[in-house]
Structure formats: structure tokens, C-alpha cells
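**Q** Here it is, the structure in full.
Please treat every number below as a calculation from the coordinates, not as lab data. Just so we're clear, the structure is a prediction, and the values are computed from it rather than from any experiment. FYI the Cβ positions are ideal-geometry reconstructions off the backbone, even for glycines, and counts take in every protein chain you see.
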Amino acid sequence: MKLRSVLVANRGEIAVRIIRAAKALGIRTVQVYSAADADMLAVKLADEAIEIGPPAPKKSYLNIEAVIAAAKRANVDAVHPGYGFLSENGDFADAVVAAGLIFIGPSGDAIRLLGDKVAARTVAEKAGVPTVPGSDGRISSLTEALAVTERTGFPVMIKAAAGGGGRGIRIANDPAELETQFPQASAEALASFGDGGLYLEKVITRARHVEVQILGDGMDVVHCYERECSLQRRRQKVWEEAPSFLVPPEVRQKLCDSAVALARSVGYRGAGTVEYLYDDETREFYFIEVNTRIQVEHPVTEMITGIDLVEEMFRIAAGASLSVVQSDIAVKGHAIECRINAEDPRRGFMPAPGRIERLDVPEGEGIRFDTMLYEGYVIPPFYDSLLGKLIVWGEDRTACLARLSQALSQLKIKGVPTTIPLHRALAADAQIAKGAFHTRFLETWLETEFAADGGRAAEVA
Amino acid sequence: MSKHEIRSPLPGTFYRSPAPDVPPFKTDGDAVSSSDAIGLIEVMKTFQEIQAGVAGGNIRFLVDNEEPVMAGQVIAEVEQ
């Protein structure tokens, strides 16, 4: 069948990204928006826009009934959920299908299976994917938890079975801490996710976060290689690269093959990401979780493979087979993405909404800026602080870093504080140039290197 | 006796309690001291505590729980 129209059930830069892909494929676009988002760029770009509720996400972008009602009213063929909001809500996927529409993503059952961290871990193990040493599924008591730590040692992470995106995680360094934190973690998980289920995982210290992009059409699955996303603050990614330059070729092959094996074992349909921890010293990798949606950092993969992942999602949803086979997909060069947030890195990353007074976007070969900004736009306070993503490509990582520094110096956003100074300092840092970092690098670096001059050295350079 | 207005320093979403399912920081009629928390403002997914800023009696809230507020909007009044 042919997709003629789509409802974009998201906001911000990803809504803009989805609309651009839809337009390239000749698909009519209908954008939903909250009362606080009438002026957003996606509303201006879409063929039609429908207000779905008040500013609070749970009354608008998280309101399944309101989104479905808008889709019916607009008479669209399909719904694209973007990332965040309802994108990994199996009930929403089911509701879209029950309304006679196509959900652009996997089935509700696949979302629920892979979204449950314990079930996903079992799926990974069955598919032969290495997992972090930890409990075999859910644990119901402290006694059970203590028994697990005899195998794994400390520190351990106490994770919510229904958690994800870095939420619902606590770390216990010894049995006493486990005793205190276990009941708290259970109560917290119940309150946050409506499910008090917990599991334990050994903490892999000095690990990298590496993830594999996959595409499946329900029959075949391919990978589009991996991304390196170790630079994180409070478990939120800040800077992402592709490929993960320090993983040896034979390990990369195994890593990517394991992601494909996992996705194949569940007949995966759509774009997805399999996340791993990678230990530089032992060269071992461990499965963490699957994200059943497009990721914020998908552009770095697009830059090195030439594949438009969002367009591919539309084709798969329309029932087409994958437009590529594995042997068509090759890595060319290196790409880095910097997340530009409306936060002040010199004041504890305090977020600040406000009006964009001026916007200068760098242009040129290998430079892409995915954003929802325009001059005069007033950023509402009700949603996350992501303003845009600067993505830069180079023939190799050294060339990419040089081009990135140049592009960052040309990117001007006036009116609100942004994380541009942080990225300029990172792009000029010797440790970053060597690739000598892991998932806990950035927080320490912020307290030492960045705190020392607030990124001013990089600005003068 | 005069009325003192407590204003939101930030735009965002106003919360009367520290977490869902727990009692509000203050209810109408309560007395407050200057450093008492009277609510939270959620701005871009981070939470900032709002303190009364003045001591006073008989606080009266003008914004409901989970309502959007503008920077400078009066959240509550106290009698001094």
C-alpha cells in the first residue's frame, strides 16, 4: 500500500525532522500541538495542524485519546510517534491500530516485550547476546538480591524492570547500601512506573556506551553500524559519534551481528537501537536495552551510511521490504552530534526558556543542524531543553573534529543560554581528541577541566 | 495588615506538593516563614523550589496545582 498522510504525534526538532522526511516522500503531514506550541516550527511546516490540549504533556502529547481523535479527524493513514512521549507505549501503538491506522514502529506486543527490561534481557540471552552479570529476571526480596551479589560482587545497580532512559536506577556499593536502597527502589519504581519490579546488574566501571542501529521489515533485519554515546551527564547523552572508533573491527562485527540476531529473534519491524556497555580493557560487550523507536542521535548514523532512517521507517510502515541489504551498507568517514540545549553550562546547567533573538546556522559540506528554532520563536518552559543538534561529518575523526570546532564557532543562538560553550570546550579537549573517555568521564571533566575556565579557553581559540 | 504577593521567578508548571500523592507544602490559611517552601516550578523538566520569601499569615494560593504560570505571575498572597 501507499502511505498518503501521516499524523506527527510529537513536537520540537523531531517533529520537524519527520515532516521533512514525509515531504520528501510526498506524504501529507498533520501536526498535533499543545496550547503552548501553536507557534512551533513543525506547525508552520505541516500541511495541517490540530490542537490537542493544554501545555502539560499528560494532557496533550501523552493523551492517547486526544492524539487518536486528532488522527481520525485528520483522516490520516498513519501515526509517527517520534521519540519520548508515546513512542514506546505499547497501548498507544495498539490504539492506533485499533483505530484502523498504521503505527510507524513495531507492534504493541514487541514494544511491551522489549520495553520490559527483564523480558528484554531474557530475549537477548536466548539470541546469544552477552548480558551484564546480574539477576536472572526479577527479584522479589532483599535475601534474593544479596544472593545475586555473591556472584556479581559490588557495586551493583538496582534497576526498575519498567524503567528506562536512565530513570529508575540506584547504585549500591556494599550489602548495607543494598539493604537500605532495595525497599526504597521498589517503592520508587511502583510510584514512577506503576510496577515495583526490580532486577540487579553488576556495575561495569569505565565502560563505554555503544549502540547499534537496526532496521527490520518483519522478515529481514539489517544493522547500520554503531554509535558511541559515552559522553553523558546525569545519564543523558550530550555528544554522540559514529562509528565507535576504538572498538576493534572483529568486536564491531560481533556487536552488530548480535544486535541483528536479537532483532531477528522477535521479527522486528521498524527502526530500533540495541544498547550495549563496552569494556575497553576486556573488549567485552554487554547488552543493556532495546529502544523501539527513532533515537535523538540517529543523524550520525545517517551521515556515515547515507541511509535516511526516517524515510526508511515510512517505507517499512507502508509494508515495503527493506530498501537495502546488509552488503549495501558501508561506513564512510566519521560523524559527531552535539546536543544544543537551552541550559547554562556555567550555572549548573540551569535550563532557561525564552525568546530566540538571533540565529546563525553554519552551512557547508558535512554540516547539518536539526532544529525547531527560528528568530523570534519563544521556547516554552513545559518540555525538554533540546534546541537542536549540530551534526558534522568528516573524512576521518580528526577532520570531523576540526570541522566541528569551526561549525560550533559559527553557530550563534542569542536570547537564551545554550550548551554551545560546553561543546566548544569538548571539541578542543585533548582527552576527547584521543577518545579517552567512558560513561563517567563527562561529569568529572565538568567538575575539573570545565569548571576551571567555563570553556573560555576554547572560545578564545 | 497588608497583603504581600509571592510571585513565580520563572515560567513553568506550578506544583503545590513536593511529589505526587503527598500533602501540599502549605494549604490556604497556613502561616509561613521566609524560608518555607510553598511550591515547585517545573521548568524544562527540572524542578525549582519556590520559597515564601517573607514571613506572614493566612496564605492564599491563586494558582492551582499543575497549572502553567508565567514569570512574575502572583502564585499566592500572605498577610503581614
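**Q** Order by neighbour count: A:384, A:174, fewest other Cβ atoms within 10 Å first, most last.
**A** A:174, A:384
**Q** Report the charge-dipole magnitude of the protein assembly as shown in Debye, nearest 20, computed about the Cα centre from +1 at each Lys and Arg Cβ and -1 at each Asp and Glu Cβ.
**A** It works out to roughly 720 debye.
**Q** Along its principal axes, what span do the Cα atoms of region A:133-202 show, with the longest given first and each in whole Å?
**A** 29, 21, 19
**Q** Among A:129, A:15, A:204, flag the residue with its Cα farthest along the positive direction of the charge dipole of chain A, charges on Cβ as +1 for Lys/Arg and -1 for Asp/Glu.
**A** Result: A:15.
**Q** Could you work out the local net charge near residue B:49, counting Lys and Arg as +1, Asp and Glu as -1, over the other residues with Cβ closer than 14 Å to its Cβ?
**A** Summing Lys/Arg as +1 and Asp/Glu as -1 gives 0.
**Q** If you don't mind, there's one more thing I want to ask. Using the Cα gyration tensor of the protein assembly as shown, with a ≥ b ≥ c the square roots of its eigenvalues, what is the shape: rounded (a/c below 1.5), prolate (a/b larger than b/c) or oblate (neither)?
**A** rounded
**Q** Also: Take the residue pairs A:332/A:434; A:159/A:332; A:44/A:72; A:58/A:389; A:159/A:414; A:2/A:332 and return only those whose Cα atoms are more than 28 Å apart.
**A** A:159/A:332; A:159/A:414; A:2/A:332
**Q** Using the crude model of +1 on Lys and Arg Cβ and -1 on Asp and Glu Cβ, and no other charge, please compute the dipole size for region B:1-62 relative to its Cα centre, in debye to 20.
**A** Once rounded to the nearest 20, the dipole reads 160 debye.
**Q** Tell me the net charge near residue B:61. Cut-off is 15 Å between Cβ atoms, residue B:61 excluded, with +1 for each Lys or Arg and -1 for each Asp or Glu.
**A** Every neighbour counted, the sum reads -4.
**Q** Here's a follow-up. Report, to two decimal places, the Cα Rg of region A:297-336 normalised by 2.2 N^0.38 Å (N = number of residues).
**A** For region A:297-336, the normalised Cα radius of gyration comes out at 1.23.
**Q** Could you derive backbone 3J(HN,Hα) for region A:209-219 from the dihedral phi with the Karplus parameters 6.51, -1.76 and 1.60 (θ = phi - 60°), listing whole Hz in sequence and x where the residue is Gly or Pro?
**A** Computed from phi, the couplings for region A:209-219 are 9, 10, 9, 10, 7, 10, 9, x, 10, x, 10 Hz.
**Q** Using a ≥ b ≥ c from the Cα gyration tensor of region B:1-53 (square roots of the eigenvalues), is it rounded, prolate or oblate, where a/c under 1.5 gives rounded and otherwise the larger of a/b and b/c decides, a/b for prolate?
**A** Note, shape of region B:1-53 comes out oblate.
**Q** So, one more: Please enumerate, by chain and number, the lysines with C-alpha under 22 Å from the C-alpha of residue B:3, excluding those fewer than 8 residues away in the same chain.
**A** Hits, sequence-local ones excluded: B:26.
**Q** Rounded to the nearest 500, what is the 222 nm mean residue ellipticity of chain A from helices alone, with -39500 (n - 2.57) per DSSP H run of 4+ residues and division by all residues?
**A** It comes out at -10000 deg cm²/dmol, rounded to the nearest 500.
**Q** Report the charge-dipole magnitude of region A:332-438 in Debye, nearest 20, computed about the Cα centre from +1 at each Lys and Arg Cβ and -1 at each Asp and Glu Cβ.
**A** 200
**Q** Based only on other Cβ atoms within 10 Å, what is the fewest-to-most ordering of A:279, A:217?
**A** Sorted ascending by nearby Cβ count, the order is A:279, A:217.
**Q** Within 15 Å, Cβ to Cβ, of residue A:149, how many net charges do the neighbouring residues add up to if Lys/Arg are +1 and Asp/Glu are -1?
**A** That works out to -3.
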